[in-house]
Amino acid sequence: MNKWYNEAIFYHIYPFGLLGVDKENKEMIAEHRVEELLKWLPHLQELSVSAIYIGPLFESNTHGYDTRDYKLVDKRIGDNQDFKEYVRQCHAVGIKVVVDGVFNHTGRDFFAFRDLRERKEASKYKDWYRDVNFNASSPYGDSFSYSAWRGCYELANLNLYNTEVTNYLLEVIRFWIREFDIDGIRLDCADCLTYDFMKQMREITQLEKEDFWLMGEVIHGDYSRWVNEEQLHSVTNYELHKGLYSGHNDHNYFEIAHTIRRLFDEKDGLCKNAILYSFVDNHDVDRIASKVSNKAHLIPIYALLYTLLGIPSIYYGSEWGIEGRKENNSDDRLRPAIKIEDLLVTNNNPKLTEFICILGKIKRENQTILNGRYKELVLTNRQYAFARYTNEAAMITIVNNDDNESTVYVPLSFDFEKLAAKNVITMETVEIQNNQLRISIKGNSAIIIKIN
(Lines give C-alpha, C1' and ligand atoms only; values in the text may rest on other atoms or scores of the structure.)
Protein backbone atom coordinates (compact mmCIF):
# COMPACT_ATOMS: atom_id res chain seq x y z
CA MET A 1 0.00 0.00 0.00
CA ASN A 2 1.35 3.42 -0.93
CA LYS A 3 2.06 5.87 1.86
CA TRP A 4 -0.19 8.94 2.05
CA TYR A 5 2.66 11.34 1.38
CA ASN A 6 3.62 9.74 -1.92
CA GLU A 7 0.09 10.35 -3.24
CA ALA A 8 -0.46 13.75 -1.62
CA ILE A 9 -1.26 17.15 -3.05
CA PHE A 10 0.32 19.71 -0.72
CA TYR A 11 -0.67 23.27 0.10
CA HIS A 12 2.16 25.39 1.51
CA ILE A 13 1.31 28.13 4.01
CA TYR A 14 3.76 30.65 5.47
CA PRO A 15 1.55 31.65 8.42
CA PHE A 16 3.30 34.86 9.48
CA GLY A 17 2.75 36.22 5.99
CA LEU A 18 -0.74 34.89 5.28
CA LEU A 19 -2.01 36.16 8.65
CA GLY A 20 -0.24 39.53 8.35
CA VAL A 21 1.38 39.36 11.80
CA ASP A 22 3.76 41.98 13.19
CA LYS A 23 7.37 41.63 12.08
CA GLU A 24 8.64 41.58 15.68
CA ASN A 25 7.18 39.30 18.30
CA LYS A 26 6.29 41.55 21.21
CA GLU A 27 3.16 39.67 22.18
CA MET A 28 2.63 38.84 25.84
CA ILE A 29 -0.56 36.87 25.17
CA ALA A 30 -1.62 34.76 22.19
CA GLU A 31 -3.41 36.46 19.29
CA HIS A 32 -5.62 33.42 18.43
CA ARG A 33 -5.53 33.82 14.65
CA VAL A 34 -5.97 30.13 13.88
CA GLU A 35 -9.64 30.76 13.05
CA GLU A 36 -8.41 32.62 9.95
CA LEU A 37 -6.49 29.52 8.87
CA LEU A 38 -9.55 27.32 9.32
CA LYS A 39 -11.45 29.48 6.82
CA TRP A 40 -9.15 28.12 4.10
CA LEU A 41 -10.14 24.47 4.53
CA PRO A 42 -13.18 24.48 2.17
CA HIS A 43 -11.03 26.10 -0.54
CA LEU A 44 -8.31 23.48 -0.04
CA GLN A 45 -10.89 20.74 -0.39
CA GLU A 46 -11.97 22.31 -3.71
CA LEU A 47 -8.33 22.02 -4.80
CA SER A 48 -8.26 18.33 -3.69
CA VAL A 49 -5.47 19.18 -1.25
CA SER A 50 -4.67 16.25 1.03
CA ALA A 51 -1.79 17.71 3.06
CA ILE A 52 -0.75 21.11 4.38
CA TYR A 53 2.85 22.18 4.97
CA ILE A 54 2.62 25.09 7.40
CA GLY A 55 5.50 26.85 9.04
CA PRO A 56 7.47 28.08 10.72
CA LEU A 57 5.43 27.88 13.92
CA PHE A 58 7.93 27.76 16.80
CA GLU A 59 7.93 30.84 19.04
CA SER A 60 10.46 33.23 17.53
CA ASN A 61 11.56 36.86 17.54
CA THR A 62 10.88 37.80 13.92
CA HIS A 63 10.44 35.71 10.75
CA GLY A 64 10.00 32.34 12.47
CA TYR A 65 13.42 30.82 11.84
CA ASP A 66 15.07 32.49 14.86
CA THR A 67 13.53 30.12 17.40
CA ARG A 68 13.29 31.11 21.02
CA ASP A 69 11.01 28.30 22.26
CA TYR A 70 10.57 25.01 20.41
CA LYS A 71 7.58 23.90 22.45
CA LEU A 72 5.38 26.96 22.01
CA VAL A 73 3.36 28.00 18.98
CA ASP A 74 4.30 31.59 18.17
CA LYS A 75 1.93 33.92 20.05
CA ARG A 76 1.36 36.00 16.92
CA ILE A 77 -0.45 32.97 15.48
CA GLY A 78 -2.09 31.55 18.59
CA ASP A 79 -1.33 29.15 21.39
CA ASN A 80 -0.72 25.42 21.58
CA GLN A 81 -4.39 24.65 22.11
CA ASP A 82 -5.30 26.65 19.00
CA PHE A 83 -2.91 24.70 16.83
CA LYS A 84 -4.00 21.39 18.32
CA GLU A 85 -7.57 22.26 17.28
CA TYR A 86 -6.34 23.28 13.81
CA VAL A 87 -4.70 19.89 13.28
CA ARG A 88 -7.82 18.14 14.56
CA GLN A 89 -10.05 19.98 12.10
CA CYS A 90 -7.64 19.33 9.22
CA HIS A 91 -7.65 15.64 10.05
CA ALA A 92 -11.46 15.67 10.23
CA VAL A 93 -11.61 16.62 6.53
CA GLY A 94 -8.85 14.21 5.49
CA ILE A 95 -5.94 16.67 5.37
CA LYS A 96 -2.56 15.79 6.90
CA VAL A 97 -0.44 18.47 8.60
CA VAL A 98 3.32 18.91 8.18
CA VAL A 99 5.23 21.60 10.10
CA ASP A 100 8.61 23.32 9.78
CA GLY A 101 11.47 21.85 11.82
CA VAL A 102 14.16 24.49 12.34
CA PHE A 103 16.91 22.37 13.88
CA ASN A 104 20.13 23.71 12.39
CA HIS A 105 20.13 26.94 14.38
CA THR A 106 18.30 28.92 17.06
CA GLY A 107 17.64 32.57 17.71
CA ARG A 108 19.74 34.52 20.20
CA ASP A 109 16.89 34.45 22.76
CA PHE A 110 16.69 30.65 22.90
CA PHE A 111 17.37 29.58 26.48
CA ALA A 112 20.71 27.90 25.74
CA PHE A 113 22.13 30.82 23.80
CA ARG A 114 20.80 33.29 26.35
CA ASP A 115 22.63 31.36 29.07
CA LEU A 116 25.80 31.42 26.97
CA ARG A 117 25.51 35.19 26.59
CA GLU A 118 25.01 35.65 30.32
CA ARG A 119 27.48 33.11 31.75
CA LYS A 120 29.98 32.92 28.89
CA GLU A 121 32.65 30.29 29.63
CA ALA A 122 30.78 29.20 32.75
CA SER A 123 27.67 28.31 30.71
CA LYS A 124 26.83 24.62 30.63
CA TYR A 125 25.50 25.24 27.11
CA LYS A 126 28.76 26.54 25.65
CA ASP A 127 29.14 23.29 23.66
CA TRP A 128 25.60 23.47 22.29
CA TYR A 129 26.77 25.83 19.56
CA ARG A 130 29.36 25.48 16.82
CA ASP A 131 32.75 27.15 16.84
CA VAL A 132 32.31 29.10 20.06
CA ASN A 133 35.52 31.07 20.60
CA PHE A 134 36.06 33.14 23.76
CA ASN A 135 39.13 34.80 22.25
CA ALA A 136 37.03 36.74 19.75
CA SER A 137 33.81 38.74 19.61
CA SER A 138 30.60 38.62 17.56
CA PRO A 139 28.99 41.32 15.39
CA TYR A 140 26.44 41.72 18.20
CA GLY A 141 29.18 42.67 20.67
CA ASP A 142 29.31 39.35 22.53
CA SER A 143 32.64 38.56 24.17
CA PHE A 144 32.80 35.39 22.07
CA SER A 145 32.30 34.45 18.45
CA TYR A 146 30.22 31.60 17.03
CA SER A 147 29.18 29.98 13.77
CA ALA A 148 26.04 31.44 12.20
CA TRP A 149 23.85 30.27 9.33
CA ARG A 150 25.14 31.97 6.17
CA GLY A 151 26.67 34.74 8.26
CA CYS A 152 23.31 35.78 9.75
CA TYR A 153 24.34 36.13 13.38
CA GLU A 154 20.78 36.24 14.68
CA LEU A 155 20.77 32.53 13.70
CA ALA A 156 23.33 30.68 15.81
CA ASN A 157 24.32 27.24 14.49
CA LEU A 158 23.65 24.36 16.87
CA ASN A 159 26.34 21.74 17.42
CA LEU A 160 24.60 18.61 16.15
CA TYR A 161 27.62 16.50 17.09
CA ASN A 162 26.72 17.11 20.74
CA THR A 163 24.38 14.34 21.96
CA GLU A 164 22.79 16.69 24.50
CA VAL A 165 21.66 18.90 21.63
CA THR A 166 20.35 16.09 19.44
CA ASN A 167 18.60 14.43 22.39
CA TYR A 168 16.90 17.73 23.16
CA LEU A 169 15.76 18.16 19.55
CA LEU A 170 14.51 14.59 19.33
CA GLU A 171 12.45 15.23 22.44
CA VAL A 172 11.03 18.34 20.75
CA ILE A 173 9.96 16.20 17.79
CA ARG A 174 8.30 13.66 20.10
CA PHE A 175 6.52 16.53 21.82
CA TRP A 176 5.07 17.87 18.55
CA ILE A 177 3.88 14.42 17.49
CA ARG A 178 2.29 13.62 20.84
CA GLU A 179 0.93 17.08 21.65
CA PHE A 180 -0.37 18.10 18.21
CA ASP A 181 -0.63 14.81 16.28
CA ILE A 182 1.32 16.24 13.33
CA ASP A 183 1.98 13.96 10.35
CA GLY A 184 5.41 15.12 9.22
CA ILE A 185 8.21 17.64 9.41
CA ARG A 186 9.80 19.74 6.69
CA LEU A 187 13.43 20.16 7.78
CA ASP A 188 14.75 23.65 7.24
CA CYS A 189 18.19 23.70 5.49
CA ALA A 190 18.43 19.91 5.71
CA ASP A 191 21.74 19.95 3.84
CA CYS A 192 23.28 21.55 6.95
CA LEU A 193 22.12 18.76 9.29
CA THR A 194 24.28 15.77 10.15
CA TYR A 195 23.45 12.42 8.60
CA ASP A 196 23.46 10.77 12.03
CA PHE A 197 20.87 13.21 13.31
CA MET A 198 18.63 12.53 10.31
CA LYS A 199 18.96 8.79 10.92
CA GLN A 200 17.95 9.29 14.54
CA MET A 201 14.95 11.35 13.45
CA ARG A 202 13.86 8.62 11.06
CA GLU A 203 14.08 6.00 13.81
CA ILE A 204 12.21 7.88 16.53
CA THR A 205 9.49 9.30 14.27
CA GLN A 206 8.67 5.87 12.85
CA LEU A 207 8.35 4.54 16.37
CA GLU A 208 6.01 7.40 17.25
CA LYS A 209 3.96 7.26 14.03
CA GLU A 210 4.61 4.63 11.39
CA ASP A 211 3.67 6.79 8.40
CA PHE A 212 5.37 9.97 9.65
CA TRP A 213 6.99 11.93 6.79
CA LEU A 214 10.39 13.62 6.83
CA MET A 215 11.10 16.04 3.99
CA GLY A 216 14.24 18.15 3.75
CA GLU A 217 14.95 21.52 2.21
CA VAL A 218 17.86 20.84 -0.15
CA ILE A 219 18.73 23.08 -3.06
CA HIS A 220 21.77 21.63 -4.82
CA GLY A 221 23.50 18.27 -4.96
CA ASP A 222 22.77 14.58 -5.33
CA TYR A 223 19.38 14.28 -3.65
CA SER A 224 19.93 10.57 -2.97
CA ARG A 225 22.49 11.56 -0.30
CA TRP A 226 19.51 12.57 1.84
CA VAL A 227 16.63 10.49 0.47
CA ASN A 228 17.03 6.82 1.33
CA GLU A 229 15.73 4.13 3.65
CA GLU A 230 17.75 5.39 6.63
CA GLN A 231 17.26 9.17 6.47
CA LEU A 232 14.61 11.29 4.74
CA HIS A 233 11.62 10.27 2.68
CA SER A 234 11.89 13.24 0.33
CA VAL A 235 13.59 16.56 -0.39
CA THR A 236 12.66 19.73 -2.26
CA ASN A 237 13.19 19.32 -6.00
CA TYR A 238 14.80 22.68 -6.77
CA GLU A 239 16.27 21.27 -9.96
CA LEU A 240 12.83 20.65 -11.45
CA HIS A 241 11.58 23.97 -10.06
CA LYS A 242 14.22 25.78 -12.11
CA GLY A 243 13.44 23.77 -15.24
CA LEU A 244 9.70 24.40 -15.06
CA TYR A 245 10.00 28.17 -15.41
CA SER A 246 13.15 28.47 -17.52
CA GLY A 247 12.05 25.66 -19.83
CA HIS A 248 9.03 27.80 -20.70
CA ASN A 249 10.77 31.17 -20.75
CA ASP A 250 13.40 29.76 -23.12
CA HIS A 251 10.95 27.57 -25.11
CA ASN A 252 13.12 24.62 -24.18
CA TYR A 253 11.31 21.47 -23.09
CA PHE A 254 14.60 19.59 -23.47
CA GLU A 255 15.70 21.12 -20.15
CA ILE A 256 12.71 19.69 -18.28
CA ALA A 257 12.95 16.29 -19.94
CA HIS A 258 16.68 16.15 -19.22
CA THR A 259 16.03 16.92 -15.54
CA ILE A 260 13.55 14.05 -15.30
CA ARG A 261 15.97 11.63 -16.97
CA ARG A 262 18.92 12.82 -14.84
CA LEU A 263 17.00 12.39 -11.60
CA PHE A 264 14.66 9.48 -12.23
CA ASP A 265 15.93 7.31 -15.09
CA GLU A 266 15.27 3.73 -13.96
CA LYS A 267 18.82 2.67 -14.82
CA ASP A 268 21.09 5.69 -14.36
CA GLY A 269 19.01 8.29 -12.48
CA LEU A 270 20.43 9.90 -9.35
CA CYS A 271 17.23 9.32 -7.39
CA LYS A 272 15.61 6.40 -9.23
CA ASN A 273 12.61 5.46 -7.04
CA ALA A 274 12.73 8.48 -4.73
CA ILE A 275 9.61 10.65 -4.78
CA LEU A 276 10.67 14.28 -4.44
CA TYR A 277 8.66 17.31 -3.30
CA SER A 278 7.84 19.39 -6.40
CA PHE A 279 6.86 23.06 -6.47
CA VAL A 280 6.80 26.07 -8.77
CA ASP A 281 7.26 28.66 -6.01
CA ASN A 282 7.55 28.93 -2.24
CA HIS A 283 8.25 31.45 0.54
CA ASP A 284 11.90 31.86 -0.50
CA VAL A 285 11.65 32.37 -4.28
CA ASP A 286 9.77 34.72 -6.59
CA ARG A 287 6.16 33.80 -7.35
CA ILE A 288 5.83 31.76 -10.53
CA ALA A 289 3.51 34.40 -12.06
CA SER A 290 6.38 36.89 -11.70
CA LYS A 291 8.99 34.48 -13.08
CA VAL A 292 7.36 33.52 -16.35
CA SER A 293 7.74 35.79 -19.37
CA ASN A 294 4.31 34.73 -20.63
CA LYS A 295 1.62 34.20 -17.99
CA ALA A 296 -0.24 31.89 -20.38
CA HIS A 297 2.52 29.40 -19.62
CA LEU A 298 1.10 28.91 -16.11
CA ILE A 299 -1.32 26.34 -17.56
CA PRO A 300 1.31 23.94 -19.00
CA ILE A 301 3.59 24.57 -15.99
CA TYR A 302 0.96 23.42 -13.50
CA ALA A 303 0.05 20.47 -15.74
CA LEU A 304 3.68 19.34 -15.55
CA LEU A 305 3.84 19.97 -11.79
CA TYR A 306 0.91 17.62 -11.24
CA THR A 307 1.72 14.86 -13.71
CA LEU A 308 5.52 14.53 -13.73
CA LEU A 309 7.23 12.39 -11.11
CA GLY A 310 6.97 14.02 -7.70
CA ILE A 311 4.66 15.26 -4.95
CA PRO A 312 3.01 18.50 -6.14
CA SER A 313 2.74 21.52 -3.85
CA ILE A 314 0.86 24.81 -4.28
CA TYR A 315 2.15 27.90 -2.48
CA TYR A 316 -0.69 29.85 -0.91
CA GLY A 317 -2.23 32.34 -3.31
CA SER A 318 -0.42 31.15 -6.42
CA GLU A 319 -3.51 29.24 -7.55
CA TRP A 320 -4.92 32.72 -8.25
CA GLY A 321 -1.80 33.73 -10.16
CA ILE A 322 -0.74 36.40 -7.66
CA GLU A 323 2.67 37.94 -8.23
CA GLY A 324 5.57 38.72 -5.93
CA ARG A 325 9.31 39.29 -6.19
CA LYS A 326 12.12 39.74 -3.68
CA GLU A 327 12.79 43.45 -3.33
CA ASN A 328 15.67 45.16 -1.50
CA ASN A 329 16.76 41.79 -0.10
CA SER A 330 13.31 41.37 1.48
CA ASP A 331 10.93 38.42 1.15
CA ASP A 332 7.86 40.43 2.16
CA ARG A 333 6.36 40.50 -1.35
CA LEU A 334 6.62 36.70 -1.50
CA ARG A 335 4.69 36.33 1.76
CA PRO A 336 1.65 38.62 1.56
CA ALA A 337 -1.29 38.80 3.94
CA ILE A 338 -4.34 37.26 2.27
CA LYS A 339 -7.93 37.04 3.40
CA ILE A 340 -9.49 34.04 1.71
CA GLU A 341 -12.90 35.71 1.42
CA ASP A 342 -11.39 38.59 -0.56
CA LEU A 343 -9.56 36.50 -3.13
CA LEU A 344 -12.50 34.18 -3.68
CA VAL A 345 -14.47 37.22 -4.78
CA THR A 346 -11.76 39.13 -6.68
CA ASN A 347 -10.06 36.25 -8.49
CA ASN A 348 -8.15 37.78 -11.40
CA ASN A 349 -7.24 34.45 -12.97
CA PRO A 350 -10.28 32.15 -12.70
CA LYS A 351 -9.07 30.02 -15.63
CA LEU A 352 -5.90 29.08 -13.72
CA THR A 353 -7.74 28.38 -10.46
CA GLU A 354 -10.29 26.20 -12.25
CA PHE A 355 -7.52 24.33 -14.08
CA ILE A 356 -5.65 23.60 -10.83
CA CYS A 357 -8.91 22.29 -9.34
CA ILE A 358 -9.28 19.98 -12.37
CA LEU A 359 -5.69 18.78 -11.99
CA GLY A 360 -6.35 17.99 -8.34
CA LYS A 361 -9.41 15.96 -9.25
CA ILE A 362 -7.49 14.05 -11.93
CA LYS A 363 -4.69 13.34 -9.48
CA ARG A 364 -7.13 12.23 -6.78
CA GLU A 365 -9.08 9.92 -9.08
CA ASN A 366 -6.07 8.39 -10.85
CA GLN A 367 -3.48 8.12 -8.10
CA THR A 368 -2.14 4.72 -9.12
CA ILE A 369 -1.73 5.84 -12.72
CA LEU A 370 -0.11 9.14 -11.80
CA ASN A 371 2.31 7.27 -9.55
CA GLY A 372 3.19 4.94 -12.41
CA ARG A 373 6.39 4.67 -14.41
CA TYR A 374 7.53 7.45 -16.72
CA LYS A 375 7.99 7.22 -20.48
CA GLU A 376 9.00 10.07 -22.75
CA LEU A 377 6.94 9.99 -25.95
CA VAL A 378 7.47 13.27 -27.85
CA LEU A 379 10.08 15.97 -27.27
CA THR A 380 10.73 19.18 -29.16
CA ASN A 381 11.64 22.64 -27.92
CA ARG A 382 7.96 23.63 -27.81
CA GLN A 383 5.97 20.40 -27.45
CA TYR A 384 6.45 17.62 -24.94
CA ALA A 385 4.46 14.43 -24.31
CA PHE A 386 5.07 11.70 -21.78
CA ALA A 387 3.20 8.86 -20.13
CA ARG A 388 2.79 7.72 -16.56
CA TYR A 389 1.78 4.09 -16.90
CA THR A 390 1.12 0.75 -15.22
CA ASN A 391 0.36 -2.66 -16.71
CA GLU A 392 -3.32 -1.74 -17.07
CA ALA A 393 -3.48 1.92 -18.01
CA ALA A 394 -1.58 5.07 -18.87
CA MET A 395 -2.00 8.81 -18.44
CA ILE A 396 -0.46 10.88 -21.22
CA THR A 397 0.34 14.56 -20.69
CA ILE A 398 0.90 16.79 -23.73
CA VAL A 399 2.03 20.40 -23.30
CA ASN A 400 2.66 23.20 -25.76
CA ASN A 401 4.67 26.34 -24.91
CA ASP A 402 4.20 27.91 -28.35
CA ASP A 403 1.69 30.71 -28.89
CA ASN A 404 0.25 28.82 -31.85
CA GLU A 405 -1.75 25.63 -32.11
CA SER A 406 0.31 22.56 -32.93
CA THR A 407 -0.41 19.02 -34.14
CA VAL A 408 1.41 16.36 -32.13
CA TYR A 409 1.69 12.69 -33.10
CA VAL A 410 1.99 10.58 -29.95
CA PRO A 411 3.07 6.94 -30.36
CA LEU A 412 1.39 4.35 -28.16
CA SER A 413 3.46 1.31 -27.22
CA PHE A 414 1.50 -0.19 -24.34
CA ASP A 415 0.68 -3.89 -24.05
CA PHE A 416 -3.01 -3.42 -23.25
CA GLU A 417 -5.59 -5.80 -24.74
CA LYS A 418 -7.70 -2.92 -26.03
CA LEU A 419 -6.88 0.74 -26.33
CA ALA A 420 -9.43 3.42 -25.54
CA ALA A 421 -8.52 7.07 -25.08
CA LYS A 422 -10.28 9.92 -23.27
CA ASN A 423 -9.32 13.53 -22.65
CA VAL A 424 -9.79 13.72 -18.87
CA ILE A 425 -9.94 17.52 -18.89
CA THR A 426 -12.81 17.84 -21.40
CA MET A 427 -14.04 14.20 -20.97
CA GLU A 428 -14.11 13.81 -24.76
CA THR A 429 -13.23 10.53 -26.49
CA VAL A 430 -9.97 10.65 -28.43
CA GLU A 431 -9.49 8.58 -31.60
CA ILE A 432 -6.57 6.18 -31.86
CA GLN A 433 -5.21 5.50 -35.37
CA ASN A 434 -2.40 3.11 -36.23
CA ASN A 435 -1.44 2.86 -32.58
CA GLN A 436 -0.88 6.59 -32.19
CA LEU A 437 -2.72 9.75 -31.22
CA ARG A 438 -2.99 12.71 -33.55
CA ILE A 439 -3.56 15.62 -31.18
CA SER A 440 -4.22 19.25 -32.02
CA ILE A 441 -3.18 21.26 -28.98
CA LYS A 442 -3.83 24.97 -28.58
CA GLY A 443 -1.02 27.38 -27.89
CA ASN A 444 0.20 27.59 -24.28
CA SER A 445 -1.99 24.75 -23.10
CA ALA A 446 -2.05 21.19 -21.83
CA ILE A 447 -4.00 18.04 -22.59
CA ILE A 448 -4.17 14.93 -20.40
CA ILE A 449 -5.37 11.71 -21.98
CA LYS A 450 -6.24 8.48 -20.23
CA ILE A 451 -5.43 5.29 -22.13
CA ASN A 452 -6.77 1.89 -21.07
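Here are the numbers for this structure:
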quantity	calculated
Top-ranked residue of segment 11-21 - restricted to ones that are out of contact with any Phe, Trp or Tyr (no Cβ under 9 Å at 6 or more places or on another chain) and more than 13 Å from residue 59 (Cβ to Cβ), ranked as surrounded by the fewest Cβ atoms within 10 Å (Cβ to Cβ)	20
Scope segment 252-267; condition closer than 23 Å to residue 380 by Cβ and free of Cβ contacts under 8 Å to residues at least 40 places away in the same chain; matching residues	255, 258, 259, 262, 265
Residue satisfying condition, being touching a helix residue (DSSP H, G or I) at 6+ places or on another chain (Cβ under 8 Å) and surrounded by fewer than 14 Cβ atoms within 10 Å (Cβ to Cβ), within set 354, 365, 327	327
Entirely in segment 6-67, the strands (runs of 3 or more DSSP E) that have 2 or more residues that are of a type in the set (Ser, Thr, Tyr), in the same structural domain as residue 365 (by TED's automatic domain parsing) and at pLDDT 95 or above	none
Listing of strands (runs of 3 or more DSSP E) fully contained in segment 373-452 that carry 1 or more residues being of a type in the set (Lys, Arg) and under 25 Å from residue 310 (Cβ atoms)	373-379, 383-389, 421-423, 445-451
Identity of the residue in segment 68-84, of a type in the set (Lys, Arg) and outside any loop (DSSP other than H, G, I, E, B), that ends up nearest to residue 100 (Cα to Cα)	71
Enumeration of residues in segment 85-128 that are touching a strand residue (DSSP E or B) at 6+ places or on another chain (Cβ under 9 Å), of a type in the set (Lys, Arg) and part of a helix (DSSP H, G or I)	114
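Yes or no, residue by residue, for (1) within 18 Å of residue 70 (Cα to Cα); (2) surrounded by fewer than 18 Cβ atoms within 10 Å (Cβ to Cβ):
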| site | (1), (2) |
| --- | --- |
| 145 | no, yes |
| 148 | no, no |
| 166 | yes, no |
| 176 | yes, no |
| 183 | yes, no |
| 187 | yes, no |
| 204 | yes, yes |
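The values are calculated or read from the model by the stated rules, or taken from the named source; none is laboratory data. Owing to the predicted nature of the structure, the values given are computational and were not obtained by experimental measurement. In this analysis, Cβ positions are derived from the backbone assuming ideal geometry, glycine residues included, and neighbour counts consider all displayed protein chains.
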